[in-house]
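Working notes for the structure below.
Bear in mind that the values in this text are calculations on the coordinates, not laboratory data. Remember, it's a predicted structure, so these values are computed and weren't measured experimentally.
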Amino acid sequence: MNKKISDKDKQDWQDFLNSTDKLENKDQKISSTPKRYIEKSIDLHGYTLEEANQKMTSYIEECFINGVNKINVITGKGLRSKNLNDPYQSNDLSILKHSVPNFIKGSDHLMSKIISIDFEAVENPSIGNFEIFLRKKK
């Protein structure tokens, strides 16, 4: 492929090179206003329901104070939970994956610090974690 550059294109390029006008640096605009985005994770494997709820209460408060935007909560899928064999236990609420988000949702104090909880991930049987998005501290 052999295209000739027109005389007009050559003249435009030469005019550009000789110009004293400065071009706007678009990259500078993006980097001059960086968005501070902080994400933290917590792994609740091995915790009892009560321990996990207490841990999440203090963890959400700590993250909110420190300006964290998103918390990744690792609970596991609940597939190895011994509670599945007990007919007197709830199959959902006895498993951390379901009980922790419901505990948080039921706490007005915690929900005042939260924008949203990813309940789609909670309901998905192939996912062993969910995310919490926190509000900005005023």
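Some notes on this structure:
- Distance violations [Cα-Cα > 18 Å] among 40/105; 55/138; 40/70; 97/137; 55/136; 40/137: 40/105; 55/138; 97/137; 55/136
- Within a straight-line Cα-Cα reach of under 19 Å, residue 22 can be paired with the following aspartates and glutamates, leaving aside sequence neighbours fewer than 8 residues apart in one chain: 12.
- In order through the stretch 49-58: 3J(HN,Hα) via Karplus (6.51 cos²θ - 1.76 cosθ + 1.60), integer Hz, x for Gly, Pro: 4, 5, 4, 5, 5, 5, 4, 5, 4, 5
- Taking 0.36 nm per residue of separation and subtracting the Cα-Cα distance, full extension of the segment from residue 8 to residue 61 would add 12.6 nm.
- Amide H contacts of residue 134 (H built 1.01 Å from N, under 5 Å, at least 5 apart or other chain): 70, 71, 115
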